[in-house]
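These notes concern the structure reproduced below.
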């Protein structure tokens, strides 16, 4: 029986993890003291809330490993004079994580309010906890509940609302975009993403 060339390619991708092929591995397993060291087990059923939560779980896992072991020189790195540094990009991701969790908490986002500057370690922790909180609330929701999880922006006495659909193609997709930038930046600054983190399985392989 001949094996489909497409199937061969699929298994090669899964087993080899192409992201890891060009990256270094960490010898010592990091301490799993924050959410998303690994992706949680998936639910037994598919619901709108579970699927949305799984997207955030995958995002949390990628963010965890994109930011694990970053050094000061990595945080200061930027590819050009006009670009953001990695730290500035991570600050933007933190702000997006607030929009995501505020939606699931039914809390408006106040335009013009300053986001306080945080040390990197604290900002990373808060970002991961925001993802975890949003995911947990989505897993506990019913399909009809997503209609109420609007993105609300307030400025003075004016407000604007957007449906949960905009959460998917807006902040969540935007964070994935920027996490990829952080991975690219840290490779350029000489500290590649840990090849032991398998983004397909959501597990850390020793």
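The values are calculated or read from the model by the stated rules, or taken from the named source; none is laboratory data. Model, not experiment: these values are computed from the prediction. Neighbour counts run over all protein chains shown; Cβ positions are idealised from the backbone, glycine included.
Results, tabulated for the structure shown:
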quantity	calculated
Test result for residue 174, within 29 Å of residue 83 (Cα to Cα) and either modelled with pLDDT under 95 or outside any helix (DSSP H, G or I) (or both)	no
Filter result for residue 102 (crowded, with 18+ Cβ neighbours inside 10 Å and out of contact with any helix residue (DSSP H, G or I) (no Cβ under 8 Å at 6 or more places or on another chain))	yes
Residues of the stretch 81-94 that turn out to be at pLDDT 95 or above and out of contact with any helix residue (DSSP H, G or I) (no Cβ under 8 Å at 6 or more places or on another chain), as a count	1
Residue within the stretch 59-77 that is modelled with pLDDT under 95 and either closer than 30 Å to residue 141 by Cα or touching a strand residue (DSSP E or B) at 6+ places or on another chain (Cβ under 6 Å) (or both) present	no
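For (1) under 18 Å from the mean Cα position of the chain (by Cα); (2) crowded, with 16+ Cβ neighbours inside 10 Å, each residue gets a yes or a no:
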{"site": "143", "(1), (2)": "no, no"}
{"site": "146", "(1), (2)": "no, yes"}
{"site": "149", "(1), (2)": "no, yes"}
{"site": "172", "(1), (2)": "yes, yes"}
{"site": "193", "(1), (2)": "yes, yes"}
{"site": "200", "(1), (2)": "yes, no"}
{"site": "206", "(1), (2)": "no, no"}
